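**Q** Take this structure first; my questions come after.
The values are calculated or read from the model by the stated rules, or taken from the named source; none is laboratory data. The shown structure was predicted, so the numbers you read here are calculated from the model rather than taken from an experiment. Cβ: placed from backbone, ideal geometry, glycine included. Neighbour counts: every protein chain shown. Note: accessible area is taken over every heavy atom of the protein model, side chains too, but ligands, DNA and RNA are not part of it. Shrake-Rupley method; radii C 1.70, N 1.55, O 1.52, S 1.80 Å.
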Amino acid sequence: MEEITAAPITPRPVTTDATPATTAAPQSSEPKMSKAASVSREPLMIPPRGGVDQIEIKAKTPKSLTPRSRTPRFMTPIGSPVRRALQLTRLDPEDAWLPITESRNGNAYYAAFHTLCSGIGIQALVIPVAFTILGWTWGIICMTLAFLWQLYTLFLLVQLHESSETGLRYCRYIQLCNACFGEKLSKFLALFPILYLSGGTCVALIVLGGATCKMFFQIVCGQTCTIKTLTPAEWYLVFTCAAVILSQLPNLNSIAGVSLVGAITAIGYCTLIWVVSVDKGRLPHVSYNPLKADKQFIQFFDVLNALGMIAFGFRGHNLILEIQATMPSSEKHPSRVPMWRGVRFSYTLIALCIFPLAIGGYWAYGQMIPEQGGMFAALFTFHSTDTSQFVLGLASLFVIVNALSSFQIYGMPMFDEMESHYTRRFKKAAPWWLRAIMRAMFTYGCYFVAVAIPFLGSLAGLIGGIALPVTLAYPCFMWLKMKKPKKYTPSWWINWVLGVVGMCLSVLLIVSGTYVVIDTGIKVSFFKPT
């Protein structure tokens, strides 16, 4: 025989007709084959003359009877892995029209740039304020535990991005929530925190960027400058116009350079602030005794509010799946490998920035760290006269550039959501002019909220409690739902304990944050930015 099949040849009577019967059904008198012998194979074509040595095997079965497989027959033993590889990158066709998944040529470097830009920023400047309540020991312990906890949940999200069973890629955080909790429950649990972490952060960036633009102008102009400066609302508008221009970059991969600049400037001003603060030494009569409230239950709420500030400092999980969605993926080269490599590198740099900033800042200022603005406000409050104006101006410029860069990556999920409504209805990509209008409308909408509610940054503890499940709790429950680890195994226990503790901590932080806001009050100034 020229070719041997996996199953034994079933004996058939030799026909004398010149036309072979290739599609004839087997006679009922034919002996029944076993399950192993009935493996699907191509029908035999037996010539009118000759023996078994002249048998030819043809593969001309009609397409309507036997569907063609994409896996060659000689690869049958490894057919299942090949099919899984072909199905691993099953994508929604509409993803090619949306800004997050429009381009899939990302790599570990792009992932590191985006993760750095979203994981470090203005929220890190508030962490030293939590030390004024927690003190040295508990402040360092809580910050370390929060860092390790959120790094673990980051690992879970990276692994959950693509399913080897269904071949689906969850390119957005809300999509993974829908798959795990159901569409209705995920909207109730995760939609508002995710929207705040995108839209609310953009509003806070406009407030910070506009106020810093005013400070930068005053530093450059000098004390003897007679030029009339703009109002705070007008500085907000200057920053917003720059953000609108940058927002016209089409997709998430196209802003990789912007994220790189944002990451460099974030590392720059964090390092500059703590180096200057430590170099100038401790302030006179600095105290490290934790602030104590008159009543014990008020002290308990203050501690929880400090934990909310630390939780607010570690965010960016709502963008991890979106960043990973910009990478190609296959069974041989899954996207989780370069993504996790980029995350490890970026969070190593984040740790090298946040820990010295918190520890060095608290050592230099102690209980005198301003609650509004944190370390950035402390630099200008205590060292505006004994520090070079070039250093102060450089720190301000770094903050402005970082705020502009962070605005793009935090605004991209909102751009994606707006365009998805158009693509679902019209089954085509949004034209460039409509995309430009939608992004400008969102950015100027954030400007309106920034002018109307400029005190939004004062709610860091409360907002940290609301957004905490997205970072610390939901990934644990999603791992239990998707991976289904065996009961009472270490993985099962770790995720259940962290998930339940995260949800309980979130509820306590929301209650304590609300109480602190009501008890201490905030400077409410609608339409009065400062």
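**Q** Working only within the range 289-324, note down all residues that are part of a loop (DSSP other than H, G, I, E, B) and closer than 30 Å to residue 337 by Cα.
**A** Residues satisfying the conditions are 314, 315, 316.
**Q** Let me ask you something else. Report, ordered by the first and then the second residue, all pairs with beta carbons closer than 8 Å, sequence separation of six or more or different chains, a first member in the range 278-290 that is β-branched (Val, Ile, Thr), and a second member that is modelled with pLDDT under 85.
**A** That search, which allows pairs on different chains as well, returns nothing.
**Q** One residue is enough: does the range 461-473 have a residue meeting the conditions modelled with pLDDT of 90 or more and either part of a helix (DSSP H, G or I) or open to solvent by 40 Å² or more (accessible area, probe 1.4 Å) (or both)?
**A** Yes; the residues of the range 461-473 include at least one that is modelled with pLDDT of 90 or more and either part of a helix (DSSP H, G or I) or open to solvent by 40 Å² or more (accessible area, probe 1.4 Å) (or both).
**Q** Of all residues in the range 306-354, how many are open to solvent by less than 10 Å² (accessible area, probe 1.4 Å), of a type in the set (Gly, Ala, Ser) and more than 21 Å from residue 177 (Cβ to Cβ)?
**A** Here the count works out to 5.
**Q** If you don't mind, another one. Would you check if residue 374 is at positive phi and within 32 Å of the chain's Cα centre (by Cα)?
**A** Against the criterion (at positive phi and within 32 Å of the chain's Cα centre (by Cα)), residue 374 qualifies.
Here is a yes/no grid of residues against (1) open to solvent by less than 30 Å² (accessible area, probe 1.4 Å); (2) among the hydrophobic types (A, V, I, L, M, F, W, C); (3) free of Cβ contacts under 8 Å to residues at least 24 places away in the same chain:
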{"position": "203", "(1), (2), (3)": "yes, yes, no"}
{"position": "218", "(1), (2), (3)": "no, no, yes"}
{"position": "223", "(1), (2), (3)": "no, no, yes"}
{"position": "230", "(1), (2), (3)": "no, yes, yes"}
{"position": "234", "(1), (2), (3)": "no, no, yes"}
{"position": "239", "(1), (2), (3)": "yes, yes, no"}
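**Q** Kindly indicate which of 415, 442 is under 24 Å from the mean Cα position of the chain (by Cα), among the aromatic types (Phe, Trp, Tyr), buried (at least 23 other Cβ atoms within 10 Å of the Cβ) and farther than 25 Å from residue 130 by Cα.
**A** The match here is 415.
**Q** Considering the range 405-422 alone, what residues qualify as being more than 18 Å from residue 115 (Cβ to Cβ) and either touching a helix residue (DSSP H, G or I) at 6+ places or on another chain (Cβ under 6 Å) or without any contact (Cβ under 8 Å) to a residue 24 or more places away in the chain (or both)?
**A** 414, 415, 417, 418, 421, 422
**Q** Among the residues of the range 419-431, write down those that are surrounded by 13 or more Cβ atoms within 10 Å (Cβ to Cβ) and not in a loop (DSSP other than H, G, I, E, B).
**A** 419, 420, 422, 423
**Q** I need the full set of residues from the range 163-190 which are basic (Lys, Arg), more than 25 Å from residue 314 (Cβ to Cβ) and surrounded by fewer than 20 Cβ atoms within 10 Å (Cβ to Cβ), in order please. Break it down stepwise before answering.
**A** Residues of the range 163-190 that are basic (Lys, Arg), as a first pass: 169, 172, 184, 187.
The next check asks that each one be more than 25 Å from residue 314 (Cβ to Cβ); those that pass are 169, 184.
Selection gives 184 alone.
**Q** Residue by residue through the range 241-253, note down the ones that are exposed (fewer than 15 other Cβ atoms within 10 Å of the Cβ) and part of a helix (DSSP H, G or I).
**A** Pass one, the range 241-253, residues exposed (fewer than 15 other Cβ atoms within 10 Å of the Cβ): 241, 245, 248, 250.
Within the range 241-253, 241, 245 meet the criteria.
**Q** Could you give me the residue pairs with C-beta distances under 6 Å whose first residue belongs to the range 374-390 and is under 16 Å from residue 131 (Cβ atoms) and at pLDDT below 85, whose second residue is aliphatic (A, V, I, L, M) and surrounded by 18 or more Cβ atoms within 10 Å (Cβ to Cβ) wherever it lies, and which are 6+ apart or on separate chains?
**A** The qualifying pairs are 374/125; 374/126; 374/129.
**Q** Criterion first (in contact with a Ser or Thr (Cβ under 7 Å, 6 or more places away or on another chain) and not charged (D, E, K, R)) does residue 418 satisfy it? Spell out how you get there, then give the answer.
**A** Working: in contact with a Ser or Thr (Cβ under 7 Å, 6 or more places away or on another chain): no; not charged (D, E, K, R): yes.
No, not satisfied.
**Q** Still on this structure, I have one more. Out of 357, 392, 434, 404, which single residue is surrounded by fewer than 18 Cβ atoms within 10 Å (Cβ to Cβ) and not small (Gly, Ala, Ser)?
**A** 434
**Q** Another one. Which is surrounded by 14 or more Cβ atoms within 10 Å (Cβ to Cβ) and part of a loop (DSSP other than H, G, I, E, B), of 286, 276? Before you say what the answer is, go through the steps one by one.
**A** On the way: 276 fails: part of a loop (DSSP other than H, G, I, E, B).
On inspection, the qualifying residue turns out to be 286.
**Q** Out of (1) hydrophobic (A, V, I, L, M, F, W, C); (2) out of contact with any Cys (no Cβ under 8 Å at 6 or more places or on another chain); (3) at pLDDT 90 or above; (4) buried (at least 23 other Cβ atoms within 10 Å of the Cβ), what's the single condition that is false for residue 160?
**A** Failing condition for residue 160: (4).
**Q** Could you list, in sequence order, all residues of the range 319-344 that are under 12 Å from the mean Cα position of the chain (by Cα) and of a type in the set (Gly, Ala, Ser)?
**A** 325
**Q** Out of 121, 199, I need the residue that is surrounded by fewer than 24 Cβ atoms within 10 Å (Cβ to Cβ), at pLDDT below 85, within 17 Å of the chain's Cα centre (by Cα) and not β-branched (Val, Ile, Thr). Which one?
**A** 199
Listed here are the residues, each with its yes/no results for (1) closer than 27 Å to residue 434 by Cα; (2) over 21 Å from the mean Cα position of the chain (by Cα); (3) not hydroxyl-bearing (Ser, Thr, Tyr).
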site: 204; (1), (2), (3): yes, no, yes
site: 211; (1), (2), (3): no, yes, yes
site: 227; (1), (2), (3): no, yes, yes
site: 230; (1), (2), (3): no, yes, yes
site: 238; (1), (2), (3): yes, yes, yes
site: 246; (1), (2), (3): yes, no, yes
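**Q** Moving on to the next point. Against the definition (open to solvent by less than 20 Å² (accessible area, probe 1.4 Å), more than 16 Å from the chain's Cα centre (by Cα) and under 30 Å from residue 306 (Cα atoms)), how does residue 153 come out, yes or no? Don't jump to the end; show me each part of the working.
**A** Values: open to solvent by less than 20 Å² (accessible area, probe 1.4 Å): yes; more than 16 Å from the chain's Cα centre (by Cα): no; under 30 Å from residue 306 (Cα atoms): yes.
Answer is no for this residue.
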